[in-house]
Amino acid sequence: MAKIKVVIADDHEIFRKGLISLFKDQQVFNVIGEASNGEEVLTILENKEPDVLLLDISMPKLDGLKVIPQIKARFPKVKIIILTMHDEPPFLNKALVVGANGYILKNTGENELFKAISRVYNGEVAVDPFLAGQTLRSNLAGQFSITKNSDDYSGANLSNREIEVLKLVVKGHTDKEISDILNISIKTVEKHKLKLKEKTGNKRLADLIKFAIKNGYIS
């Protein structure tokens with residue numbers, strides 16, 4: 001089984017080296033490069049082909065949020081997880097808008113980090129539960145209208161089951177986990193997710209997350 005290739009970008013060397021050490025005994029992951037700023041990230045990506053990039057926000061020369069659009073334009077296959085201490089919702093929203101595939105806080109446990117990398121690698125969106133839960137809703141109350149209306153729905157008429165699936169997707173659960181929680185088949189989960197994308201007009205999971213935030217489905 002081929003390992004998931006990872007590049008780590010963080011300007012704090014001690015944190016970066018400590019993070020790299022966590023991967024040494026892992027059978028699933030292989031760290032193939034490291035960078036201390038956004039410009040170094042672009043140089044590394046020109047010479048290496050990682051599957052997932054762990055990217056800090058606050059870095060010199062070119063920060064994480066500014067370098068993401070360049071990465072997406074030049075290296076579209078690379079999945080990006082923001083790994084940061086910034087737990088403010090505006091940073092999460094901005095990261096999703098510019099193209100991040102995940103947003104994880106640095107104080108998360110290593111097992112949760114490994115799960116997030118695997119989810120993003122497999123096409124899921126991984127958002128730290130702290131930001132995807134009640135705190136995210138309350139912090140965004142002043143930025144987005146939580147009251148549902150016809151304009152917010154864009155014609156969406158979600159069933160109770162679709163809403164349940166949407167909430168679990170937003171919290172970062174995989175299709176298998178949603179299947180177990182709701183006691184339905186994985187194929188049924190996939191059908192509900194397809195319906196959600198059709199009804200809301202949001203094809204990407206990141207856009208579904210923003211739709212759920214805006215329309216008050218975060219509980």
Open item on the list: Would you confirm whether or not the stretch 69-81 contains a residue that is part of a loop (DSSP other than H, G, I, E, B) and out of contact with any helix residue (DSSP H, G or I) (no Cβ under 9 Å at 6 or more places or on another chain)?
Closed with: yes
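Residue by residue, here is whether (1) surrounded by fewer than 21 Cβ atoms within 10 Å (Cβ to Cβ); (2) over 21 Å from residue 129 (Cα atoms) holds:
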| residue | (1), (2) |
| --- | --- |
| 40 | yes, yes |
| 44 | yes, yes |
| 55 | no, no |
| 59 | no, yes |
| 63 | yes, yes |
| 67 | no, yes |
| 72 | yes, yes |
| 85 | yes, no |
Open item on the list: Given the criteria modelled with pLDDT of 90 or more, out of contact with any Cys (no Cβ under 6 Å at 6 or more places or on another chain), within 16 Å of residue 66 (Cβ to Cβ) and not in a loop (DSSP other than H, G, I, E, B), does residue 31 qualify?
Closed with: no
Task: Only listed residue being at positive phi and either at pLDDT 90 or above or of a type outside the set (Asp, Glu) (or both), chosen from 17, 61, 3 - done: 61
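The values are calculated or read from the model by the stated rules, or taken from the named source; none is laboratory data. Keep in mind the model is a prediction, meaning the values are calculated, not measured. Ideal geometry is used to build each Cβ from the backbone, glycine not excepted, and the neighbour counts take in all protein chains shown.
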